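Engineer: Please find one structure pasted underneath; my questions will follow.
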Amino acid sequence: MNEDWALYEVFIRARSGLEHKHVGSLHAADARMALEHARDTYTRRQEGVSIWVVRSSDIVASDPGEAESLFEPARDKVYRHPTFYTIPEDVKNI
Amino acid sequence: MYTQALDSPGPELASAVPAAEAERERRFQERIDRDEKIEPKDWMPEAYRQTLIRQIAQHAHSEIVGMLPEGNWITRAPSLRRKAVLVAKVQDEGGHGMYLYSAAETLGVSRGELIGQLLAGRAKYSSIFNYPTLTWADIGAIGWLVDGAAIMNQIPLCRCSYGPYARAMVRICKEESFHQRQGYEIMLTLARSGTRAQREMAQDALNRWWWPSLMMFGPSDTDSVHTAQSMRWRIKRFTNDELRQKFIDATVPQARFLGLSIPDADLRWDEATQHYATGPIDWSEFQAVLKGEGPCNRERMGARRAAHESGQWVREAAAAYADKQRARPASGRSGYAQAS
């Protein structure tokens, strides 16, 4: 068995105005093949108008084991949400 | 799907004591019980990982081998419409294999290993694909019954506890409903508006595919080794027998509409259970086909290996081309745009 081709992550923009969204991954010998395979694998039913492919090894990911401490600082900052503030009912348009 | 290349570093502590392990398993089970999804980089018991690798790989292999019985009829489809539909369906099956291999790879097994196991004859795939497609009606029966059974099996997998597998299944289920409908349409054409010979051909296909389709749900609950644990882990949501019964209840009226009869003398509606009751399934046939003694096991593997070997030069050429492109100065490369 040959060694596997590099792994790419595939992101698709469903239509203009929307962001690219991760849809899956595939193996390809180079970037151009990754794009072509992404077209055949993930857009057989007009799921997109634009494709990004990124080598999986180039993605830096956070560690779920450290999610607690990574996201903890935001937990006690409810004042970042509009509902934190009480405005008298007589005041409109705010 | 995320893949194992994204796994963050941080090897498990080798000195982990069994008590700590038990505590982790307890917390893992609690997450499952809360219906949380497990993602590739999350801690999981080794047995959970191995169970998923086995199940997803078998599923992926089934999609790939499943292209063969139908591919057999692409050049002989009776009209251009049927041919275009069949090509699209077979291409979908290939795509489904790709989604599933990707999902399996997130668990730490490589694509090469999985395909190597299939080609070496060490991997299992669905027993159904070891039966021959003798007539055009078989293509109708496969879409209607085989894809119908597969959908019944796969819909609950969309809620499976392992994220990448569940996401692959959502995509697959969405694409697969046309597979069943096009099959039923073929059966309708043959059985309702066809000649006498075409009606007989449809009945013959139902006769041959009915029992193997029921076997697709796997052994009876009393003999299924993995069911209890898989249900605890919420990989499975229903038992084999429950899903088989659902399929029978849905399919019997569809056969009736076609004017065809189910090849089971014991089949009857049971007023008490509100389900159809069937005769016994011949499990010795199922076991024999799984062991490689089905009508087409050798032919299927032979075709798979031949396809792999005759594609070798393409893979080599693509790799050589990629190497050459990489060796060139950056300004000489073109053909794709920067992300924008």
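Throughout, read-outs are computed from the coordinates displayed, never taken from laboratory work. Here the structure is a predicted model, which means the values were calculated and not measured. Don't worry about glycine lacking a Cβ; one is built from the backbone with ideal geometry, like all the others, and counts go over all protein chains shown.
Engineer: How far apart, in nanometres, would the label points at A:V49 and A:H22 be if each is projected 7 angstrom from Cα along the Cα-to-Cβ direction?
Structural biologist: 2.5 nm
Engineer: While we're on this one: Grab the alpha carbons of segment B:162-304, take their convex hull, and tell me the volume per residue in Å³.
Structural biologist: So the per-residue Cα hull volume is 164 Å³.
Engineer: So if R0 is 22 Å, what FRET efficiency would B:A303 and B:N207 give, r being the distance between their Cβ atoms, rounded to the nearest 0.05?
Structural biologist: The formula returns an efficiency of 0.30 here.
Engineer: At most 10 other C-beta atoms within 10 Å and a DSSP loop state: those are the exposed GluC sites (Glu not before Pro) I care about. Give me the longest piece of chain B that has none.
Structural biologist: B:13-270
Engineer: Ok, one more. Whole-Hz ³J(HN,Hα) for each residue in segment B:314-327, computed from phi via Karplus 6.51 cos²θ - 1.76 cosθ + 1.60 with θ = phi - 60°, x for glycine and proline: what do you get?
Structural biologist: So the Karplus estimates, Gly and Pro as x, are 5, 5, 5, 5, 5, 5, 5, 5, 4, 4, 5, 4, 5, 6 Hz.
Engineer: As a test of the formula, what do you get for chain B when each DSSP H run with n ≥ 4 contributes -39,500 (n - 2.57) and the sum is divided by the residue count, at 222 nm and rounded to the nearest 500 deg cm²/dmol?
Structural biologist: After summing the helix terms and dividing by the residues of chain B, the value is -19500 deg cm²/dmol.
Engineer: Among the lysines, which fall within straight-line cross-link reach of B:K124, defined as a Cα-Cα distance under 26 Å, with same-chain neighbours fewer than 8 residues apart omitted?
Structural biologist: The qualifying lysines are B:K89, B:K174, B:K236, B:K246, B:K291.
Engineer: Let me ask you something else. Per residue of B:308-315, what is the mean number of Cβ atoms on other protein chains within 10 angstrom of that residue's Cβ?
Structural biologist: 1
Engineer: Separate question: Just the number, please: Stokes-Einstein D of segment B:229-340 in µm²/s, Kirkwood Rh from C-alpha pairs, 25 °C, 0.890 mPa s.
Structural biologist: 119 µm²/s
Engineer: Okay, moving on. In percent, how large is the relative contact order of chain A, given Cα pairs closer than 8 Å and 6 or more residues apart?
Structural biologist: 27 percent
Engineer: Moving on. Which FRET efficiency value, to the nearest 0.05, is calculated for B:T273 and B:R24 with the Förster distance at 45 angstrom and r the Cβ-Cβ distance?
Structural biologist: Calculated value: 0.60.
Engineer: If you don't mind, another one. When the distances between all Cα atoms of the protein assembly as shown are binned every 20 Å from zero, what whole-number percent does each bin get?
Structural biologist: 21, 50, 24, 4, 0
Engineer: What is the local net charge at B:A317, summed over the other residues whose Cβ is closer than 13 Å to its Cβ (Lys, Arg +1; Asp, Glu -1)?
Structural biologist: -1
Engineer: Order A:25-32, B:146-153 from most to least packed using the mean count of other Cβ atoms within 10 Å.
Structural biologist: By packing density, highest mean first, the sequence is B:146-153, A:25-32.
Engineer: Okay, next question. If every alpha-carbon in chain A counts as one equal scatterer, what log10 I(q)/I(0) does Debye give at q = 0.25 1/Å?
Structural biologist: -1.18
Engineer: Length gain on complete extension for the stretch A:A74 to A:I87, per 0.36 nm per residue less the alpha carbon to alpha carbon distance?
Structural biologist: Stretched out fully, the A:A74 to A:I87 stretch lengthens by 2.3 nm.
Engineer: Could you tell me which of rounded, prolate or oblate describes chain B, using a ≥ b ≥ c as the square roots of the eigenvalues of the alpha-carbon gyration tensor, with rounded for a/c under 1.5 and, failing that, prolate when a/b is larger than b/c and oblate otherwise?
Structural biologist: Oblate, because a/c is 1.5 or more while a/b does not exceed b/c.
Engineer: Run the simple label-point estimate for B:S261 and A:D4 please: 7 Å along Cα→C-beta, distance reported in nm.
Structural biologist: With each label placed 7 Å out from Cα toward Cβ, I get 5.2 nm.
Engineer: Could you work out the longest stretch of chain B that avoids the trypsin sites (Lys or Arg not before Pro) located in DSSP loops with at most 11 other Cβ atoms within 10 Å?
Structural biologist: Between the exposed loop sites, the longest stretch runs B:123-340.
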